[in-house]
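A quick write-up on the structure given underneath.
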Ligand code: SAH
């Protein structure tokens, strides 16, 4: 699966992409991530990507043209590939449909080859971008961030770990095992502030059925 991130702050996303499971997924070529900066597609001398809002109001709006050109560049790249692409275009937006595991699963099931994620900054993006590409507005939660880069990384992370062979061990995907949100590793007893914190006895019991039952019970 190929991800294409459109952001005026590539340096914000780069370190995340070279780390841990995602970094290894890229090295193993299970996923590929390209980053495009709308600033590289501006036609003005100052590489300005924002402008004042029609109708007034505070802040600046990301202009339509540099983003449209960046997305078109991605589309052309995909069109040149031998294998036909199936593209999903996502706009990060606090007012959009809420992102979830279910949404990520649908992306995988629908066999998209390319996910384009557009990151907003300032007050957001000129609404015509969404109309031109029939993009989907997606929010990662009921709060407002200063930019779409973190949302893009959240979505990429959740979708990528569902791509076969990205996780070393597929059984790590929650749905395919009995998982718990409460977990322990050594030491068995940890002392802090004169108090002893112990690993629940059942986990030390070796009794498979009881352990699975406990894990189900601890799942919130
Ligand atoms: N004025 C806008 C907020 C802009 S926040 C409004 O009232 O809706 C700037 C950018 O950050 C947005 O364009 C979007 O790309 C991103 N963003 C902020 N919060 C987000 C969230 N919860 N989910 C997804 N993207 C978000």
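Here, each number is a calculation from the coordinates, and none is a lab measurement. Given the structure is predicted, the values throughout are model-derived calculations rather than measurements. FYI the Cβ positions are ideal-geometry reconstructions off the backbone, even for glycines, and counts take in every protein chain you see.
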Inset, instruction - Report the Stokes-Einstein translational diffusion coefficient (µm² s⁻¹, integer) for region 178-218, Rh taken as the Kirkwood radius over Cα pairs, at 37 °C with viscosity 0.692 mPa s. - result: 294 µm²/s
Inset, instruction - Would you mind giving the average projected area, over all directions, of the Cα convex hull of region 42-165 in nm² with one decimal? - result: 9.0 nm²
Inset, instruction - Calculate, for residue 209 and residue 165, the FRET efficiency according to 1/(1 + (r/R0)^6) with r their C-beta to C-beta distance and R0 35 Å; round to the nearest 0.05. - result: 0.70
Inset, instruction - With r as the distance between the Cβ atoms of residue 191 and residue 150 and R0 = 45 Å, compute the FRET efficiency 1/(1 + (r/R0)^6) and round to 0.05. - result: 0.75
Inset, instruction - Could you give the spread of the C-alpha atoms of region 97-160 along their three principal axes, from largest to smallest, in whole angstroms? - result: 33, 26, 16
Inset, instruction - Round to the nearest 0.05 the FRET efficiency obtained for residue 184 and residue 111 when R0 = 35 Å and r is the Cβ-Cβ distance. - result: 0.35
Legend entry - Net lengthening on full extension, residue 43/residue 218 (0.36 nm per residue, minus Cα-Cα): 57.4 nm
Legend entry - Radius of gyration, Dmax [the chain; alpha carbons; angstrom]: 21.6, 70
Legend entry - Rh by Kirkwood over Cα pairs, then Stokes-Einstein D for region 17-84 at 0.692 mPa s and 37 °C, µm²/s: 223 µm²/s
Legend entry - Relative contact order (%) - region 2-171, alpha-carbon pairs under 8 angstrom, separation at least six: 30 percent
Legend entry - the chain - share of DSSP beta bridges that are antiparallel (%, nearest 5): 20 percent
Legend entry - Label-point separation, residue 14 to residue 202 (7 Å along Cα→Cβ), nm: 4.8 nm
